[in-house]
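S.K.: Questions regarding the structure given below will be posed in turn.
The values are calculated or read from the model by the stated rules, or taken from the named source; none is laboratory data. None of the values given here were measured: they were computed from a predicted structure. Because the Cβ atoms are built from the backbone with ideal geometry, glycine has one as well, and the counts that use them run over all protein chains shown. Just the protein is used for accessible areas: all its heavy atoms, side chains included, with ligands, DNA and RNA removed. Shrake-Rupley method; radii C 1.70, N 1.55, O 1.52, S 1.80 Å.
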Amino acid sequence: MAQHFLLSAKARDLSLMQLFTMSETEAFEYFKAIRWSDTDGVPVCPSCGTCHEPYFISTRKQFRCKHCEHTFSVTSGTIFASHKKPLKVYLIAIALFTNAVKSISALQLSRDLDVQYKTAWVLSQKIRESLMPTKEEENIKLSGVCEIDGVYTGNYIRPANNIDERIDRRKAHKPKKRVVISIRQRADSEFDEVVGAVKTKTFIVKSEDSKDIQSLVYQNVELGTELHSDEHQGYDIFHAHYDMKRVNHSKEYKSIDGACNNQSESYNSRFRRMEYGQCHSISNLYLSNYANEIAYREDTRRMSNGAIFRDIFTRCMNTPVSNEFCGYWQGNHRVAERLGA
């Protein structure tokens, strides 16, 4: 029997010991190499955009542009701007985030990094924000063979202690109830080296019916795509424009004609393990960030942890200053949840 990829040596090429023993100067050089990788490590002024060798203020590890005299650092204009901790702490935080295959709670991160819970929570949220798809990625429609399914969250009602006081939870109003819709594009066996799904899009809706998910599917899946789903009535409307294949999970996992949405079920399973085993309490305000994180982890499951670490770190360096988590504990909060996208 062939060894699973995750158990092979190729899957682990990230050494936490190297990060722990890294000096602050080495961490600074690593930040510099990733931040300005397109210019071979030559700094680019975030103010005027000039690529040159600026003045280097060694005592503060900062640069000063020779043209506009703007002072900047390796994190200026990125999601780690105005950082308070040593640079090595952020590298270790990303490494811990990478190795936690079912996400990592802020409490665990605060213990591992020996920082306050508030610091760990904002840091983990900033990393999740860097994983959000860009405008270009959002505009790419899924094609080929896709699967769709939903996982419910926020619908639990704690039963009363006395059995006579308990209500029928199936009929109770659940204002926090949300559905995470995942649409996953399967790998093309002729061109893709990996198996399973290669691209995942997630959306937050209030119910899994055609009214809420109709526009999401039409905007993100090309017409004529082979679409696999379960027997939920919310997907009946798509038979008109997609090659729909349905599987009845009460009878089988895969139908005789090949209908199967196990890739979406795999996403649902990992999301549940994050919700129940790690984060426990996920606010609807930031549910889209958590849902997208699991989509990223599912899509990169066949990459080594070193490759995932470098990808996440590069995304952090390319993500601008956060409008929602910069100054979070001073009152700068997200005011509305992200429904539909």
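S.K.: Since GLU138 meets every condition but one in (1) in contact (Cβ under 8 Å) with a residue 24 or more places away in the chain; (2) surrounded by 14 or more Cβ atoms within 10 Å (Cβ to Cβ), which condition does it not meet?
M.R.: Result: GLU138 fails condition (2) only.
To keep it simple, each residue is scored yes or no on (1) in contact with a strand residue (DSSP E or B) (Cβ under 6 Å, 6 or more places away or on another chain); (2) of a type outside the set (Asp, Glu); (3) free of Cβ contacts under 8 Å to residues at least 12 places away in the same chain.
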residue	(1), (2), (3)
CYS279	no, yes, no
SER283	no, yes, yes
ASN292	yes, yes, no
GLY306	no, yes, no
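S.K.: Please enumerate the residues belonging to segment 219-237 that are open to solvent by 80 Å² or more (accessible area, probe 1.4 Å) and under 27 Å from GLU136 (Cα atoms).
M.R.: Of everything in segment 219-237, those that are open to solvent by 80 Å² or more (accessible area, probe 1.4 Å) and under 27 Å from GLU136 (Cα atoms) turn out to be GLN219, GLU222, LEU223.
S.K.: Can you name the residue in segment 61-75 that is in contact (Cβ under 8 Å) with a residue 24 or more places away in the chain and under 27 Å from TYR117 (Cβ atoms) and, of all such residues, is farthest from the chain's Cα centre (by Cα)? Explain how you work it out, then say what you get.
M.R.: Residues of segment 61-75 in contact (Cβ under 8 Å) with a residue 24 or more places away in the chain: 61, 70, 72, 74-75.
Filter again for under 27 Å from TYR117 (Cβ atoms), leaving 74-75.
Values: VAL74: 24, THR75: 21 Å.
Checked segment 61-75; the qualifying residue farthest from the chain's Cα centre (by Cα) is VAL74.
S.K.: State whether the residues of segment 50-57 include one that is of a type in the set (A, V, I, L, M, F, W, C), surrounded by 17 or more Cβ atoms within 10 Å (Cβ to Cβ) and either under 25 Å from the mean Cα position of the chain (by Cα) or outside any loop (DSSP other than H, G, I, E, B) (or both).
M.R.: As a first pass, look at segment 50-57 and keep what is of a type in the set (A, V, I, L, M, F, W, C): 51, 56-57.
Retained after the next criterion (residues that are surrounded by 17 or more Cβ atoms within 10 Å (Cβ to Cβ)): none.
So far as segment 50-57 goes, no, none of its residues is of a type in the set (A, V, I, L, M, F, W, C), surrounded by 17 or more Cβ atoms within 10 Å (Cβ to Cβ) and either under 25 Å from the mean Cα position of the chain (by Cα) or outside any loop (DSSP other than H, G, I, E, B) (or both).
S.K.: Could you please give the count of residues in segment 8-47 that are under 25 Å from ARG302 (Cβ atoms) and part of a loop (DSSP other than H, G, I, E, B)?
M.R.: Qualifying residue count for the region: 5.
S.K.: Follow-up. Search segment 259-282 for residues being farther than 26 Å from ALA106 by Cα and part of a loop (DSSP other than H, G, I, E, B), and hand back the single one that is nearest to the chain's Cα centre (by Cα).
M.R.: That would be ASN261.
S.K.: A further question follows. Could you pull out the residue among VAL115, VAL101 that is in contact with a helix residue (DSSP H, G or I) (Cβ under 7 Å, 6 or more places away or on another chain) and not in a helix (DSSP H, G or I)? Even if it seems obvious, please write down each step before you answer.
M.R.: Details: VAL115 fails: in contact with a helix residue (DSSP H, G or I) (Cβ under 7 Å, 6 or more places away or on another chain).
It is VAL101.
S.K.: Also: Of the residues ILE79, ILE94, which is surrounded by 14 or more Cβ atoms within 10 Å (Cβ to Cβ), touching a helix residue (DSSP H, G or I) at 6+ places or on another chain (Cβ under 6 Å) and part of a helix (DSSP H, G or I)?
M.R.: Exactly one residue qualifies, and that residue is ILE94.
S.K.: Moving on to the next point. Within segment 202-212, identify whether any single residue is part of a helix (DSSP H, G or I), surrounded by fewer than 15 Cβ atoms within 10 Å (Cβ to Cβ) and in contact (Cβ under 8 Å) with a residue 40 or more places away in the chain, and answer yes or no. Steps first, answer last, please.
M.R.: Here is the first cut: in segment 202-212, the residues part of a helix (DSSP H, G or I) are 210-212.
With the extra rule that they be surrounded by fewer than 15 Cβ atoms within 10 Å (Cβ to Cβ), the set shrinks to 211.
With in contact (Cβ under 8 Å) with a residue 40 or more places away in the chain added as a condition, the list becomes none.
No - not one qualifying residue is present in segment 202-212.
S.K.: For segment 278-313: of the residues being of a type outside the set (D, E, K, R) and open to solvent by 50 Å² or more (accessible area, probe 1.4 Å), which is farthest from GLN3 (Cα to Cα)?
M.R.: Going residue by residue through segment 278-313, those that are of a type outside the set (D, E, K, R) are 278-292, 294-296, 300, 303-309, 312-313.
With open to solvent by 50 Å² or more (accessible area, probe 1.4 Å) added as a condition, the list becomes 280-281, 283, 285, 303.
Numbers: HIS280: 33, SER281: 36, SER283: 39, LEU285: 41, MET303: 15 Å.
Only one residue tops the list, namely LEU285.
S.K.: Would you point out the residue of segment 254-277, among those that are under 22 Å from PRO133 (Cα atoms) and among the acidic types (Asp, Glu), that is surrounded by the most Cβ atoms within 10 Å (Cβ to Cβ)?
M.R.: GLU275
S.K.: To continue, here is another question. Kindly indicate whether VAL180 is farther than 15 Å from LEU287 by Cβ, buried (at least 17 other Cβ atoms within 10 Å of the Cβ) and in contact (Cβ under 8 Å) with a residue 12 or more places away in the chain.
M.R.: Values: farther than 15 Å from LEU287 by Cβ: no; buried (at least 17 other Cβ atoms within 10 Å of the Cβ): yes; in contact (Cβ under 8 Å) with a residue 12 or more places away in the chain: yes.
No, not satisfied.
S.K.: Restricting attention to segment 6-43, and to residues there that are within 10 Å of VAL74 (Cα to Cα) and of a type in the set (A, V, I, L, M, F, W, C), which single residue is most open to solvent (accessible area, probe 1.4 Å)?
M.R.: ALA33
S.K.: Also, quick follow-up: Name the pairs: first residue in segment 249-269 and in contact (Cβ under 8 Å) with a residue 24 or more places away in the chain, second residue in a loop (DSSP other than H, G, I, E, B) and not polar (S, T, N, Q), Cβ to Cβ under 6 Å, at least 6 apart or on different chains?
M.R.: Partner pairs satisfying both residue conditions: CYS260/LYS254; GLN263/GLY196.
S.K.: While we're looking at this one, here's another question. Does segment 110-129 contain any residue that is open to solvent by less than 30 Å² (accessible area, probe 1.4 Å), among the charged types (D, E, K, R) and under 21 Å from ALA295 (Cβ atoms)? Even if it seems obvious, please write down each step before you answer.
M.R.: Applying the first criterion (open to solvent by less than 30 Å² (accessible area, probe 1.4 Å)) to segment 110-129 yields 110, 113, 115, 120, 122-125, 127-128.
Still in the list and also among the charged types (D, E, K, R): 128.
Those left that are additionally under 21 Å from ALA295 (Cβ atoms): 128.
Within segment 110-129 (the criterion being open to solvent by less than 30 Å² (accessible area, probe 1.4 Å), among the charged types (D, E, K, R) and under 21 Å from ALA295 (Cβ atoms)), the answer is yes, since at least one residue qualifies.
S.K.: Shifting gears a bit: Just wondering, is there one or more residues in segment 249-263 that are acidic (Asp, Glu) and over 15 Å from ILE181 (Cβ atoms)? Don't jump to the end; show me each part of the working.
M.R.: From segment 249-263, those acidic (Asp, Glu) are 252, 257; that's our starting set.
From what is left, the residues that are over 15 Å from ILE181 (Cβ atoms) are 252, 257.
Scanning segment 249-263 turns up at least one residue that is acidic (Asp, Glu) and over 15 Å from ILE181 (Cβ atoms).
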